[in-house]
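Just below is one structure, and these are the notes that go with it.
The values are calculated or read from the model by the stated rules, or taken from the named source; none is laboratory data. Predicted, not measured: the structure shown is a model, and the values here were computed from it. Cβ placement follows ideal geometry from the backbone for every residue including glycine, while neighbour counts extend to all protein chains displayed.
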Amino acid sequence: MRTDLVKLDMALIRNVHEDAGRHAIIRGVALMCADLGMKLIAEGVESREELESLQAMGIDLFQGYLLARPAFQALPSVDWPG
């Protein structure tokens with residue numbers, strides 16, 4: 001079974017910029033997904049450092065409080081860091 005999208009859990013994302021082990025795991029998953037033509041989405045991105053670290057690994061889909069707060073039956077406004 002193949003999928004088009006793989007979601008990285010927020011427990012793996014948390015402080016990835018400070019944890020070499022998490023960084024290595026995510027980098028490996030990112031390479032594997034790229035080879036298989038799958039997109040990655042990182043959930044629970046809460047800091048600019050996490051975002052920048054993930055972007056450097058080639059991930060370009062994100063969810064998390066850094067970008068927008070959840071909203072019920074609405075599209076939240078995006079608070080893009082910048």
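Go over the candidates ALA71, ALA20 one by one and state the one that is modelled with pLDDT of 95 or more, surrounded by fewer than 16 Cβ atoms within 10 Å (Cβ to Cβ), of a type in the set (Gly, Ala, Ser) and out of contact with any helix residue (DSSP H, G or I) (no Cβ under 6 Å at 6 or more places or on another chain).
From the options ALA71, ALA20, the qualifying one is ALA20.
List every residue pair whose Cβ atoms lie under 6 Å apart, where the two residues are 6 or more positions apart in sequence or sit on different chains, the first residue falls within region 42-53 and is on the phi > 0 side of the Ramachandran plot, and the second residue, located anywhere, is assigned to a loop (DSSP other than H, G, I, E, B).
The qualifying pairs are GLY44/GLY64.
List the number of the failed condition for ALA34; all other conditions in (1) free of Cβ contacts under 8 Å to residues at least 12 places away in the same chain; (2) hydrophobic (A, V, I, L, M, F, W, C); (3) touching a Gly at 6+ places or on another chain (Cβ under 8 Å) hold.
(1)
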